[in-house]
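J.: Structure incoming, see below.
The values are calculated or read from the model by the stated rules, or taken from the named source; none is laboratory data. Just so you know, these numbers come straight off a predicted model, no measurement behind them. All Cβ positions, glycine included, derive from the backbone under ideal geometry; neighbour counts span all protein chains shown. Only protein heavy atoms, including side chains, enter the accessible area calculation; ligands, DNA and RNA are left aside. Shrake-Rupley method; radii C 1.70, N 1.55, O 1.52, S 1.80 Å.
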Amino acid sequence: MPPPLEGVKIVDLSRVLAAPLCSMLLADLGADVIKVESLTGDDTRSWQPPSATLLEGDIPLPDHPPESAYFLCVNRNKRSISVNFKTSEGLEIVRKLISQSDVLIENYIPGV
C-alpha cells in the first residue's frame, strides 16, 4: 500500500521548530518535501549538543561543525537545496518550485 501523501509535492521554506516539524510529518507520510535553505543553511544545523557523530577519519572543520541532532531529525525524508534569496536568479528558482508544488510551508514574520 502506498503512503497516503505519495505524489504530493511540498516546498518547505520554514525554519526553527513548529513548521519544520509539520513538514517532517508530511514527509513521513510520503509527501515529496523540498527544503529550501539560504546559502548559509538553516540556523538549526549548528544547534548543539547533541550532534551527529563524525565518521571515523572525519576532521571537524570550524566552518562545518557536525550537524545537530535536532536538524537531522526534523529534516528526515526531505530533499534539500540552498538558494541565494538575495538574487533574482535565486528568487526565480524559488518561484518555479512553488509554482510546481501542491503546498507551500513557511513561517516567516509578515512582510518578509
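J.: About the Cα centre of the chain, how large is the charge dipole given +1 on each Lys and Arg Cβ and -1 on each Asp and Glu Cβ? Please answer in debye to the nearest 20.
T.: Approximately 240 debye in magnitude.
J.: Tell me the per residue accessible area of the chain using a 1.4 Å probe; a whole number in Å² is fine.
T.: On a per-residue basis, the chain sits at 66 Å².
J.: Across all directions of projection, what mean area in square nanometres is found for the Cα convex hull of the chain?
T.: 8.8 nm²
J.: If one takes the longest principal axis of the Cα atoms in the chain, at what angle in degrees, from 0 to 90 and to the nearest 10, does the Cα axis of helix 88-99 lie?
T.: Once rounded, the angle reads 60 degrees.
J.: Hey, another quick one. Return the carbon/sulfur percentage of the accessible area of the chain, one whole number, probe 1.4 Å, all protein chains in place.
T.: 61 percent
J.: Also: Straight-line reach only, C-alpha to C-alpha below 17 angstrom: list the lysines that residue 96 could link to, leaving out same-chain residues fewer than 8 apart.
T.: Here the lysines satisfying the reach criterion relative to residue 96 are 9, 35, 86.
J.: What is the extension gain from residue 25 to residue 38, computed as 0.36 nm multiplied by their sequence separation minus the C-alpha to C-alpha distance, in nm to one decimal?
T.: 2.5 nm
J.: How far is helix 18-28 tilted off the main Cα axis of the chain, in degrees rounded to 10, range 0 to 90?
T.: The helix 18-28 is inclined about 80 degrees to the chain.
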